[in-house]
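J.: First, the structure itself, so that you have it in front of you.
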Amino acid sequence: MSKSISPVIEALFASSGRSTPVDLEWRLILRRGRPFLLLPAGAKAARMGLNLYSAQQRRAKIWRKLLPVLFQSPVAGLFERVRFQADASAEIIQFMAQQTGIAPERIFPAAIKLSEIGSRFRLVLLLCDESGCPARVIKAGVNDAGRAATEQEADFLAQLPANKLGCIRLTGRLSTPAVSAFATDYFPGTSPFDDAGLEHLFHDWLDSQAVVPVESLPVWCTLDAAVADPHRAAWQKIKSVLAGKKIHPTLYHGDFAPWNVRVVNARNLQAFDWERGHRQGVPGWDWFHFTIQTAMLARRHSAERAAAEVEQLIHSPRFKKYAAAAGISGVVEPLILSYLLNQLWVVQPVEGSVTTARLFELLSDHWQMTPALAPATARPAAPTGLLAIACRQLQTVSVHALNLFWEPSLNFQEQPSLGAKILSRWPEVLLAVALLAALGASQFFAGVAVTLLALYVAVCVLLAWKTDRRVGTLVALVAAMVTPLAVGMRDANFATWKVFLWNSAMRFLILETSVLFAVRIRDQKNLFHPQISTALPSAKIADNWAVLLAGATWFAAVAVLDWLTGPLMKCMPLYLFPCMMVTLVFNLRWGVAAAGLAVFTDVFLQAYGDTRFQVPQIFGWNLLMRFLLFLVVIVLLDRIRRQSILFSTRR
């Protein structure tokens, strides 16, 4: 038996007498080099035991699915065996038998999850019934700190109201000199992927009869005593904004995250691990915790992306309805900041403190709620050396580029199916199809030399604006193939599959990019009513020389590719990428200048390769259409850059 496991097992199964021996055997699973899970031997028992492990990250989910398979293969020998002979008279064995209805001498080995946080050591046991199905969960503390935390949580569970959603009930308690434990029912289900259905639970937790000042709540008083420099001045401003604000208190879980929640169905969620629970808590804190901790710890998002998830949440109709019921409609932003300070100073999590501090800085600055403050944690030193600086600059612009196409996913938004959406907006869809058909016919009669792509973009963007991104994408896919088909019918050189697929793909890239940007701006509601700009300040060339060099290299490579492939193979969207890069790093003027250079190069090379494109009227038309198209994309991108919190920075 592993030396790190042996004392824990002995403490858990300690017995004062000696009666019938009970043989127990597990396989040890390590996590970051430390004992994490004890799974009973055998694939089925291991599969059942893995219900204790609520994997959140993709790699962890894959590993969780592979473990039962590995236990049936020769690889199982790589996992350390842990054998122990317990005593049927041991009090924990008797307690397990009482919870499962199985005789002590025939008790199944329970899957055990080991949790060590600071000096607190606790175990979670999953008990199976006679059929081998999970039945009960036991949480046990095996040292002084673990026992105290277990007793405190059991006392709180005993006080939970029986008629509230998500509140589990005790099925038994055990207290001995060696271990403190309690048991609850096991609930099937999965961890939630987003916050779908949480509003029902949080509404049910509100105390609609009581209205109290927020500063009178115990959790608020604890936070007030804990906050110190460098956040004390910020906390004082938050307190002044919320002074005298009366709200409806709520049942507070304290660690309401996907790994502590099971979704049985849409209106039946069960919450576990109530060790930070309070009968009277701050409304919204649990919902903020779910969103922020999922973004940071499960999805590994940056502070900027976590901030985008927060903004998506607080502007959703579901949360606004909850905020009105809780009496916090006008003070949501300071409550979010107070939650973040509670995480930093009261909870002091093992993971995520740096990102939490960065998120507090970003949101407080974005909402102009607090003075500019240095974070509580040190920032890494800036890289030195030419290559390191270049990598940092390119990494920054690549992150911003990815943020352009990233969408918040933690706030559930119920949408009709694509078919239902099309049917509900059939006049707009029918008009778009008719316009695409007219543009296709115009392209056929105008010939291969005339560009009409800007008009296609207008149709797709307007339709997406009136409907949603899915409809816009579908129409963009159709529109991307219309011109290659029309041109292919006029000129056999354009009719080959290679040319058709390439040109359709290039056109779809531009059309879909325009649709995505337009829908993002529509959802932010900032096209005609700009909010406070949070964009990066105008950058200096000396600080972004690597970005300019990479953009110029990309531009030159595309120009060479365009020259080699000739006018048959369109490369227009490839010219657009460096223009987008320059706009992201610098500003709109730089983007417009880059777009002008890119458009002229594209049209010139096209005319150089085919005399049909050299007619002055056609050359001028194509130049104008391409520039208008690039200008639309660049302007949309710049507006997103200026208004989205994903591109925020400290002022």
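The values are calculated or read from the model by the stated rules, or taken from the named source; none is laboratory data. None of these values were measured; they are calculated from a predicted model. Virtual Cβ from ideal backbone geometry, glycine too; neighbours counted across all protein chains shown.
J.: For the condition over 27 Å from L623 (Cβ atoms) and in a helix (DSSP H, G or I), what is the one hit in V459, V471?
T.: V471
J.: Right, here's the next one. Please enumerate the residues belonging to the range 491-525 that are touching a Ser or Thr at 6+ places or on another chain (Cβ under 8 Å) and not in a helix (DSSP H, G or I).
T.: none
J.: I've got another one for you. Do we have T583 as modelled with pLDDT of 90 or more, surrounded by fewer than 20 Cβ atoms within 10 Å (Cβ to Cβ) and touching a helix residue (DSSP H, G or I) at 6+ places or on another chain (Cβ under 6 Å) here?
T.: So T583 does not fit the description; no.
J.: Say we look at the range 180-232 and pick out the residues that are of a type in the set (D, E) and in contact (Cβ under 8 Å) with a residue 24 or more places away in the chain; which of these is surrounded by the most Cβ atoms within 10 Å (Cβ to Cβ)?
T.: Step one: of the range 180-232, the residues of a type in the set (D, E) are 185, 194-195, 199, 204, 207, 215, 224, 229.
If we keep only those that are in contact (Cβ under 8 Å) with a residue 24 or more places away in the chain too, we end up with 185, 194-195, 199, 204, 207, 215.
On the way: D185: 14, D194: 17, D195: 22, E199: 18, D204: 17, D207: 17, E215: 13.
Filtering the range 180-232 for residues that are of a type in the set (D, E) and in contact (Cβ under 8 Å) with a residue 24 or more places away in the chain, the one surrounded by the most Cβ atoms within 10 Å (Cβ to Cβ) comes out as D195.
J.: Here are the criteria: (1) within 19 Å of T184 (Cβ to Cβ); (2) surrounded by fewer than 18 Cβ atoms within 10 Å (Cβ to Cβ); (3) touching a residue at least 40 places away in the same chain (Cβ under 8 Å); (4) small (G, A, S). Tell me which single one A162 does not satisfy.
T.: It fails just one condition, (3).
J.: Collect the residues in the range 108-148 that are hydrophobic (A, V, I, L, M, F, W, C), farther than 17 Å from E10 by Cα and surrounded by fewer than 21 Cβ atoms within 10 Å (Cβ to Cβ), keeping them in residue-number order.
T.: Of everything in the range 108-148, those that are hydrophobic (A, V, I, L, M, F, W, C), farther than 17 Å from E10 by Cα and surrounded by fewer than 21 Cβ atoms within 10 Å (Cβ to Cβ) turn out to be F108, I117, C133, A135, A145, A148.
J.: Spot the failing condition for V475; the list is (1) aliphatic (A, V, I, L, M); (2) closer than 20 Å to V633 by Cβ; (3) in contact with a Lys or Arg (Cβ under 6 Å, 6 or more places away or on another chain), and only one is missed.
T.: Among (1) aliphatic (A, V, I, L, M); (2) closer than 20 Å to V633 by Cβ; (3) in contact with a Lys or Arg (Cβ under 6 Å, 6 or more places away or on another chain), the lone unmet condition for V475 is (3).
J.: Condition first: under 28 Å from S15 (Cα atoms), at pLDDT 90 or above and of a type outside the set (S, T, Y). Can you find one or more residues in the range 191-212 that meet it?
T.: No, the range 191-212 has no match at all.
J.: Would you pick out the residues in the range 200-225 that are under 29 Å from the mean Cα position of the chain (by Cα) and closer than 29 Å to R358 by Cα?
T.: F202, V219, W220, L223
J.: Still on this structure, I have one more. From the list A46, A76, A86, pick out the single residue that is at pLDDT below 85 and either buried (at least 19 other Cβ atoms within 10 Å of the Cβ) or outside any helix (DSSP H, G or I) (or both).
T.: A46
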